[in-house]
Amino acid sequence: MRAGIPYGPELSSAELATNTSSTDPDLERGLAFVSYQSQIDLGFRFIQRQWANNVNFAPGKTPQPGYDLIFGQNNGGPRWMSGADMSNPSWILNMFTEFVISRGGEYFFSPSITAIRDVISV
């Protein structure tokens, strides 16, 4: 189960007029992401590392598929992908702006209902 909670103010009239986001820290916007997983090593961390940040996912593709351009990360470097143009699969789309910037993350343990019933509540 996963959910995203948006935070920050609506776009200002100046941002709407210029079609650009403000660099004012008081106008920062984002999405707080929450995910409950039964196996952390097969959940979000796996998807981020093995799919979004892996230029060879999906395996065996020629040319290399590249990064996920929405939430894939390249340690601050530019990201690229191939396959965006079906008539020219080797054409490379370069992305120099990160749309998703991670501000941190935590892992918390949440006991199962069975654990609460059989162990904790005893």
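Things to note:
- Among the trypsin sites (Lys or Arg not before Pro) in the stretch 1-91, those placed in a DSSP loop whose Cβ has at most 16 other Cβ atoms within 10 Å are ARG29, LYS61.
- Across SER38, SER12, SER112, the residue with the most accessible area heads the list, and the full order at a 1.4 Å probe is SER38, SER112, SER12.
- THR114/ILE5 FRET efficiency (R0 25 Å; Cβ-Cβ; nearest 0.05): 0.35
- Global geometry of the chain, whether rounded, prolate or oblate, following the gyration tensor of its Cα atoms and the 1.5 cut on a/c: oblate
- Most mobile listed residue (ASN88, ASN54, ASN19) in the chain, GNM with C-alpha springs under 10 Å: ASN19
- Which of ALA3, PHE71, VAL119, positive extreme of dipole for the chain (C-beta unit charges): VAL119
- Estimated [θ] at 222 nm from DSSP helical runs (n ≥ 4, -39500 (n - 2.57)) normalised by residues in the chain, nearest 500: -1000 deg cm²/dmol
- The stretch 6-31 and the stretch 90-122: distance between their alpha carbon centers, rounded to Å: 26 Å
- P(r) weight above 16 Å for the stretch 58-120, C-alpha pairs, percent: 62 percent
- The chain, relative contact order in percent, only Cα pairs under 8 angstrom and at least six apart counted: 14 percent
The values are calculated or read from the model by the stated rules, or taken from the named source; none is laboratory data. Being a predicted model, the structure only gives us computed values, none of them experimental. Cβ sites come from the backbone with ideal geometry, for glycine too, and all protein chains shown count toward neighbours. Areas reflect the complete protein model, heavy atoms only, side chains present, ligands, DNA and RNA absent. Shrake-Rupley method; radii C 1.70, N 1.55, O 1.52, S 1.80 Å.
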